Amino acid sequence: MQFLYSGLTSGSIYGLVALGFNIIYNTTGLINFAQGEFVMLGGMLIYTLFCMFEIPFYTALPLTLAGCFIIGVLYERVFIHLARYKTEINLVTLTIAASIIMRDVAMHIWGRDSLRVDDYIPVVNVQMPGGVISSQSILIIAVSLLVAWGLNFFLKKSKYGKAMRACFDDQTAAETCGISVRNVRIMSFAVSSAMAGIAGVIISPITFVTYDDGIMIGLKGFAAAILGGLGNFWAAVAGGILLGIFESFSASVIPSGYKDAMAFFVILLILFIKPDGLFGRKKATRV
Amino acid sequence: MLEVKSLSVSYGAVQALSNVSVHVAPGEFVSLIGSNGAGKTTLLNSIMNIIGNSKGSVTFDGKDVTKARTPKIVTKGMAIVPEGRRIFSNMTVRENLEMGGFTRPAGEVKTNLQKMFDLFPVLEERQTQTAGMLSGGEQQMLAIGRALMTSPKLLLMDEPSMGLAPLVIKEVYEKLKVLAAGGLTILLVEQNATMALKYAQRGYVLENGRIILQGKASELLGDNEVKRAYLGKEYKEKWER
Ligand SMILES: Nc1ncnc2c1ncn2[C@@H]1O[C@H](COP(=O)(O)OP(=O)(O)O)[C@@H](O)[C@H]1O
Ligand SMILES: [Mg+2]
């Protein structure tokens, strides 16, 4: 059971990152390989504001998320919008370049050491059937589900969320409704970057934060998105949780050094066996 | 209301439109007919700046909109029902209509929505259904409704009859007639020359990217050249089916 709890915890984070991949994939058809770097950035910002400058947590949190949001906008403006030839391969390569740049800049600003983010909620271990779960883990799971629910609510109920879905369906038709696809694209980068920032904030007290965290978390979020099937939001969350649990259980039977390799094993397996993902549907055909 | 002057568009080596000039006066119903590949879709899409590699000028309501972005043109009062309808198939009927009202204030969206439901009762019945599940005719009504939700002065229609049964085609055109009678200006392009010219006041004939004929719709309907090239062809197609 203990494996289940730790799997659920890391799985929720993968799910959050996978959601970010999905939003950008849906509006641009791109895999944003700098997604993990935004998680790192969330951790770094909360460390800087909350631990270094000792700004109260409930002020530091919105500042961090606003920071990630703005960096998401700038990121789109610089790496996607300015690209001269917007072929998918060019843009995806640019996102990889961007991730390397972000990592290097982070290393220069925050150094190579793991930074400890102080606990911002009381740490207690809750006795659960068959194991214990820390209050931080509960927070991670709860916040992830809340964000997923919030995103769903935004997409289903709000005017701008619906406009985003219209762009997922047919960008040209969206433009003929007066929706600026350019703005929706900026918004999707900003929203997914802010979501990654949330992930960074909630895991940092457990994992600490290091400049190169983004690689692994990004690839695992990507694996979760592939596992669930790109283009489907709930599948992304489910894919994340499944991956987390799978990883955690595998650590009990194979040497834990291979734990990180499990994510790649999952990517390969899915790509070979079921490229649309476990819950993938064929895209609704346009008439 | 709309003035297209010597518009030329090419896709690489393919010259799709050469020096096309078209005008539409307020309140007019104008049809432009042409066979498959004549350049009809290219014309409407360049007017809306959905494709942006055109030479020439487009003036709408006295303002130059040649280089304006599509959403901007929409807010100025021009709307398009695109070829193949292109409804948002994963969204509900109601959401599709709401998207049409994206640039309009909430109050106007509400009254427009009611107008659409009055004009197309079937859309009200199916408002919570996923749009992709509608029949072809219903999808065409939805596409028209979505375009009308932008409160346009001028409606561009790209082949409303495409893929529809004759009875449904007639139903669509009857709706357009109602809209035209209500003061909406319409520029429609079609392969189906008979219907398009029957309902229009004026017409153009486009062939290989050039306007080869224009005049009163009733005169074009009686024109021997048109009969041979377009009406005859439909007749022939009917036999081949
Ligand atoms: N995206 C495109 N790339 C290259 N050629 C195109 C493209 N779209 C249309 N064409 C060509 O331009 C011409 C006009 O096409 P179109 O405007 O779609 O005609 P219509 O709507 O009258 O059937 C055709 O010869 C077509 O093959
Ligand atoms: Mg066409």
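The values are calculated or read from the model by the stated rules, or taken from the named source; none is laboratory data. Given the structure is predicted, the values throughout are model-derived calculations rather than measurements. In this analysis, Cβ positions are derived from the backbone assuming ideal geometry, glycine residues included, and neighbour counts consider all displayed protein chains. Surface accessibility is based on the protein's heavy atoms, side chains included, excluding ligands, DNA and RNA. Shrake-Rupley method; radii C 1.70, N 1.55, O 1.52, S 1.80 Å.
For the stretch B:70-106, filtered to residues that are without any contact (Cβ under 8 Å) to a residue 40 or more places away in the chain and basic (Lys, Arg), the residue that is surrounded by the most Cβ atoms within 10 Å (Cβ to Cβ) is B:Arg94. Take the residues of the stretch B:141-178 that are surrounded by 18 or more Cβ atoms within 10 Å (Cβ to Cβ) and within 10 Å of chain A (Cβ to nearest Cβ): which is farthest from ligand 2 (Cβ to nearest atom)? Here the answer is B:Met149. Considering only residues in the stretch B:1-26 that are more than 20 Å from the chain's Cα centre (by Cα) and on the phi < 0 side of the Ramachandran plot, the one that is nearest to ligand 1 (Cβ to nearest atom) turns out to be B:Tyr11. Residue under question is A:Phe279, and the condition is that it be hydrophobic (A, V, I, L, M, F, W, C), modelled with pLDDT under 80 and within 30 Å of B:Gln139 (Cα to Cα); does it hold? Here the answer is yes, as A:Phe279 does meet what is asked. For the condition closer than 23 Å to A:Glu175 by Cα, touching a Cys at 6+ places or on another chain (Cβ under 9 Å) and either more than 16 Å from ligand 2 (Cβ to nearest atom) or open to solvent by 10 Å² or more (accessible area, probe 1.4 Å) (or both), B:Val4 does not qualify. Please tell me if B:Gly137 is within 14 Å of chain A (Cβ to nearest Cβ) and either away from ligand 2 (no atom under 16 Å from the Cβ) or farther than 28 Å from B:Ser10 by Cβ (or both). Yes, satisfied. Just name the residue that is nearest to A:Ile215 (Cα to Cα) out of those in the stretch A:107-119 that are touching a helix residue (DSSP H, G or I) at 6+ places or on another chain (Cβ under 6 Å) and open to solvent by less than 30 Å² (accessible area, probe 1.4 Å). Filtering the stretch A:107-119 for residues that are touching a helix residue (DSSP H, G or I) at 6+ places or on another chain (Cβ under 6 Å) and open to solvent by less than 30 Å² (accessible area, probe 1.4 Å), the one nearest to A:Ile215 (Cα to Cα) comes out as A:Leu115. Evaluated against (1) surrounded by fewer than 24 Cβ atoms within 10 Å (Cβ to Cβ); (2) at pLDDT 90 or above; (3) hydrophobic (A, V, I, L, M, F, W, C), A:Ile202 falls short on exactly one condition, (1). Just to verify a result, which residue in the stretch A:91-133, among those that are under 22 Å from the mean Cα position of the chain (by Cα) and among the polar types (S, T, N, Q), is farthest from A:Tyr5 (Cα to Cα)? Filtering first and then ranking leaves A:Thr93. Scanning the stretch B:45-78 for residues that are hydroxyl-bearing (Ser, Thr, Tyr) and closer than 16 Å to B:Leu7 by Cα returns B:Ser46, B:Ser54, B:Ser57, B:Thr59, B:Thr66. Restricted to helices (runs of 4 or more DSSP H) entirely inside the stretch B:8-116, those with at least 3 residues that are within 14 Å of another protein chain (Cβ to nearest Cβ) and farther than 24 Å from B:Glu190 by Cβ are B:70-76, B:93-100. The criterion of being away from ligand 2 (no atom under 16 Å from the Cβ) and either surrounded by fewer than 17 Cβ atoms within 10 Å (Cβ to Cβ) or away from chain A (no Cβ under 11 Å) (or both) holds for B:Phe120.
If the requirement is being over 29 Å from B:Lys110 (Cβ atoms) and open to solvent by 40 Å² or more (accessible area, probe 1.4 Å), which of these qualifies: B:Ser135, B:Ser218? So the residue among B:Ser135, B:Ser218 that is over 29 Å from B:Lys110 (Cβ atoms) and open to solvent by 40 Å² or more (accessible area, probe 1.4 Å) is B:Ser218.
Filtering the stretch B:50-106 to residues that are within 16 Å of ligand 2 (Cβ to nearest atom) and of a type in the set (Val, Ile, Thr) leaves B:Ile50, B:Ile51, B:Ile80, B:Val81. If we scan the stretch A:187-197, do we find a residue that is open to solvent by 20 Å² or more (accessible area, probe 1.4 Å) and within 14 Å of chain B (Cβ to nearest Cβ)? Yes, the stretch A:187-197 contains a residue that is open to solvent by 20 Å² or more (accessible area, probe 1.4 Å) and within 14 Å of chain B (Cβ to nearest Cβ). The sole residue among A:Val132, A:Val123, A:Val117, A:Val92 that is in a loop (DSSP other than H, G, I, E, B) and over 22 Å from A:Gly67 (Cα atoms) is A:Val123. So which residues in the stretch A:154-166 are facing another protein chain (nearest Cβ under 9 Å) and surrounded by 18 or more Cβ atoms within 10 Å (Cβ to Cβ)? Hits for the stretch A:154-166 are A:Lys162, A:Ala163, A:Arg165, A:Ala166. Which of the following residues is in contact with an Asp or Glu (Cβ under 7 Å, 6 or more places away or on another chain), within 16 Å of ligand 2 (Cβ to nearest atom) and touching a residue at least 60 places away in the same chain (Cβ under 8 Å): B:Leu32, B:Leu44? Criteria check complete, one pass: B:Leu44.
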